[in-house]
Amino acid sequence: MNNMLCRLLIALMAWTPFQMAHAGMIGTEQVVSSASSADRTTVLNVLSRTDVASQLQSLGINPAQARDRVQAMSDQEISALASRLDSLPAGADSSGAVLLIIIIAAAVWWYMYKR
C-alpha cells in the first residue's frame with residue numbers, strides 16, 4: 001500500500017506542470033490603469049444584471065445610457081462607486097433564512113422529544 005502511494009505521488013509530480021516565475025519592474029501607471037479598469041468592470045457588471053436593469057427601467061433610466069455614463073465617468077468617480085458597491089450587503093432581507101432556521105430547529109426538537 002505504501003509503495004503504491006509513493007509511486008502514485010511520483011507519477012503525479014512528474015505530470016505536474018512546472019511554471020517559471022518571471023519578476024520585473026512595472027510602472028505606477030500600469031498598476032493604476034489595471035485597478036481602474038477592474039473597478040469599471042465591476043460597475044458595468046452590476047449594471048448588466050437583469051434585476052438592476054429592470055429597476056433602472058422602472059425609474060425611467062435606459063440601461064444603455066447608464067452604461068454610457070459609466071464609461072464617461074472619471075477614474076476617481078468609478079473608484080468611489082465601486083468601493084460603495086463593495087461595501088453594500090449582499091442579498092436581500094434575511095427573513096427567509098431566519099424562518100428556515102426556526103423550521104429546522106422545530107423539526108429537530110420534535111424528532112428528539114417525540115419519544
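The values are calculated or read from the model by the stated rules, or taken from the named source; none is laboratory data. In this text the structure is predicted, and so the values were computed from the model without any measurement. Note that we place each Cβ from the backbone using ideal geometry, even for glycine, and neighbour counts take in every protein chain shown.
State all residues of segment 61-84 that are of a type in the set (Ser, Thr, Tyr) and surrounded by 10 or more Cβ atoms within 10 Å (Cβ to Cβ); if no residue qualifies, say none.
Selection gives 79, 83.
Quick one: residue 87 ticks every box in (1) within 16 Å of the chain's Cα centre (by Cα); (2) among the hydroxyl-bearing types (Ser, Thr, Tyr); (3) loosely packed, with under 10 Cβ neighbours inside 10 Å; (4) modelled with pLDDT of 80 or more bar one, so which box is it?
Evaluating residue 87 over (1) within 16 Å of the chain's Cα centre (by Cα); (2) among the hydroxyl-bearing types (Ser, Thr, Tyr); (3) loosely packed, with under 10 Cβ neighbours inside 10 Å; (4) modelled with pLDDT of 80 or more leaves (4) as the failure.
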